[in-house]
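Trainee: The structure under discussion is supplied below as structure tokens; questions concerning it will follow.
Just so it is clear, none of the values below were taken in a lab; they were calculated from the coordinates. None of these values were measured; they are calculated from a predicted model. Cβ: placed from backbone, ideal geometry, glycine included. Neighbour counts: every protein chain shown.
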Amino acid sequence: MSERLFGTDGVRGLPGVEPLTPRTVRALGYHAACVLLESQGPRRDGIPPRIAVGRDTRGSGPALEKALAAGFAAAGVETVDLGVIPTPAVSYLTPRLGCAAGVVVSASHNPAEYNGIKFFDANGFKMPPALEREVERRLAAGRPVPSARARRPTRAVGAGQLYGDFLRSAFPASLDLSGTRLVVDCANGAAAAFAPALFEGFGAEVIAIGVKPNGRNINKGCGALALDALSREVRRRRADAGVAFDGDADRALLCDETGAALDGDAVIGAAAARLLSRGGLKGGKVALTVMSNYGLLTFLRSRGVEVVTVPVGDRHVTEAIEREGLSLGGENSGHVVFRDFAPTGDGMLTALQTLAAWRESGRPMSALRRLYRPTPQTLKALRVTRKPALEGLKRTSAEIARANRALSGRGRVFVRYSGTEPVLRVLVEGPVKSENARLAAAIAGTYFKETGQTEEAHP
């Protein structure tokens, strides 16, 4: 097994294939539990440590959770089973249930055949990279896992209600959604049992789609990565807005009344404007990744808001928010952190904050989408069979440099591998769509010729 196990968002792969085999997952559970407990120092209350575990709707989830629980038992840790529940709920519930850590069995937005495991510390933050590296070191060293009798996980009764109460408390008491019609796409994932009832509780008429998970259909043609279904239903049902989540509900994207999408950048722009008007934008800054649209940056700076730019990944956004003491940050993919409420991205919280901004404005949702004019972008997501270091590809690097010279200060080029999928992303941003497309195609073509791979568009 490769020493490098953790990607940008936990461990991902195909169940039954390394590293997601029962033996390796059991060892992962054991070593992760040991490392997390050691980082917290000796317990003084005499109570056995517990780890909260939740999962999304993938059919492979229960078996992976069972293997993790066996590893936890070997470390002397009890498992608290949260069942099928959104990833941000595990982050929220871990400290409130007094658990030493939280774990989510989910591959987030990836197709159903994938799964993954991500860890949270006792405060609900993602496991720090230093601890991930230590877990990898112990696994690579082949440290033995002690034998332990499997224990039946404790079911956390009322945990979902506790999380729902938190979400309801995050919506302004002076507002409701009465008289509105919302289409809610739950991606056949973890939001299905939560989101429709949440919005109905505020008085909205909810048309729910993507709410029939069968273990194999999570994210399939629905959810935040396939907005066409949401857009069509918004138009067909003449809804006021639409909301789409990904499989584990840590991100949200929206549609306005015309079916046009509000991506994460539009959501962040609306949130920043709202917080700024209330004096609640801490530090006068917003944390954004390098993928955020230049139009959003211009919009924020025109209002005196400074942008803290970080690499792609919600972990980097969270780190910047904590370091700078900020209240807002996020990615254009729909991961948005409202730090006054939660330490991590939460799709349902994001939707509620955006709906609050919309209701307060008294205007159609499309007005939020038009807060700024996005700079045209071409984004190619290309499947790859291997990931050679980009800096070692001379012809590809030269093509990227040529594209940057062609834009000559009018835009930018960004090329990176996905941290969770076998995908190369090529982003070209500039004032002319056709030029962006031509430059992106040239970079992609050069990459595939140089690496000897076959070009295949990612669905």
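Trainee: What share of Cα pairs, in percent, lie more than 32 angstrom apart in the chain?
Mentor: The proportion of pairs with Cα distances above 32 Å equals 40 percent.
Trainee: Lys pairs in the chain, Cα-Cα under 19 Å, at least 8 apart or on separate chains: how many?
Mentor: Going through the chain pair by pair, I get 7.
Trainee: Which of the peptides 432-440, 103-111 is most tightly packed, and how do the rest follow, judged by the mean count of other Cβ atoms within 10 Å per residue?
Mentor: 103-111, 432-440
Trainee: Let me know the charge dipole size of the chain about its Cα centre in debye, to the nearest 20, where only the beta-carbon of Lys, Arg (+1) and Asp, Glu (-1) is charged.
Mentor: Roughly 560 debye, rounded to the nearest 20.
Trainee: Now a separate question. Summing -39500 (n - 2.57) over the DSSP H runs of n ≥ 4 in the chain and dividing by its residue number, what mean residue ellipticity at 222 nm do you reach, to the nearest 500 deg cm²/dmol?
Mentor: Details: 14 runs with 169 residues, N = 459.
Result for the chain: -11500 deg cm²/dmol, rounded to the nearest 500.
Trainee: Further question: Could you let me know the centre-to-centre spacing of the stretch 193-226 and the stretch 22-96, using Cα atoms, in angstrom?
Mentor: 27 Å
Trainee: With a 10 Å radius around each residue's Cβ, average the other Cβ atoms per peptide and rank 400-408, 47-55, highest first.
Mentor: 47-55, 400-408
Trainee: Now, a different point. Roughly what would the spin-label model give for Glu322 and Arg410, points 7 Å off Cα along C-beta, in nm?
Mentor: According to this spin-label approximation, the distance is 4.2 nm.
Trainee: Counting only residues 5 or more places away or on other chains, whose amide H sits under 5 Å from the amide H of Val310 once H atoms are built in the peptide plane?
Mentor: Amide H neighbours of Val310: Leu288, Thr289, Val290.
Trainee: As a test, work out the antiparallel percent of DSSP beta bridges whose residues both lie in the chain, rounded to the nearest 5.
Mentor: That works out to approximately 50 percent antiparallel.
Trainee: From the phi of every residue in the stretch 300-316, what ³J(HN,Hα) in whole Hz does the Karplus formula 6.51 cos²θ - 1.76 cosθ + 1.60 yield, where θ is phi - 60° and glycine or proline is x?
Mentor: Along the stretch 300-316, the couplings run 5, 5, 5, 9, x, 8, 7, 9, 9, 9, 10, x, 5, x, 5, 4, 5 Hz.
Trainee: Assigning unit charges at the beta carbon (Lys, Arg +1; Asp, Glu -1) and nothing else, what dipole magnitude in debye, to the nearest 20, does the stretch 260-349 show about its Cα centre?
Mentor: Roughly 340 debye for the stretch 260-349.
Trainee: Of Pro129, Gly411, Ala440, whose Cα points farthest to the positive end of the dipole of the chain (charges on the beta-carbon: +1 Lys, Arg; -1 Asp, Glu; origin at the Cα centre)?
Mentor: Final value for the positive-end residue is Ala440.
Trainee: Next up: What does the net charge come to around Ala107 if you take all other residues with beta carbon closer than 14 Å to its beta carbon, with K and R at +1 and D and E at -1? Walk me through the numbers on the way to the answer.
Mentor: Working: positive: Arg12, Arg55, Arg58, Lys118, Arg216, Lys220, Arg251; negative: Asp9, Asp56, Glu65, Glu113, Asp246, Asp248, Asp250, Glu421.
For residues surrounding Ala107, the net value is -1.
Trainee: Continuing with the same structure: Suppose a student asked you for the relative contact order of the chain, using Cα pairs under 8 Å spaced at least 6 residues apart; what percent would you report? Don't skip to the end; give the middle numbers.
Mentor: On the way: 998 pairs, mean separation 56.6, N = 459.
Value for the chain: 12 percent.
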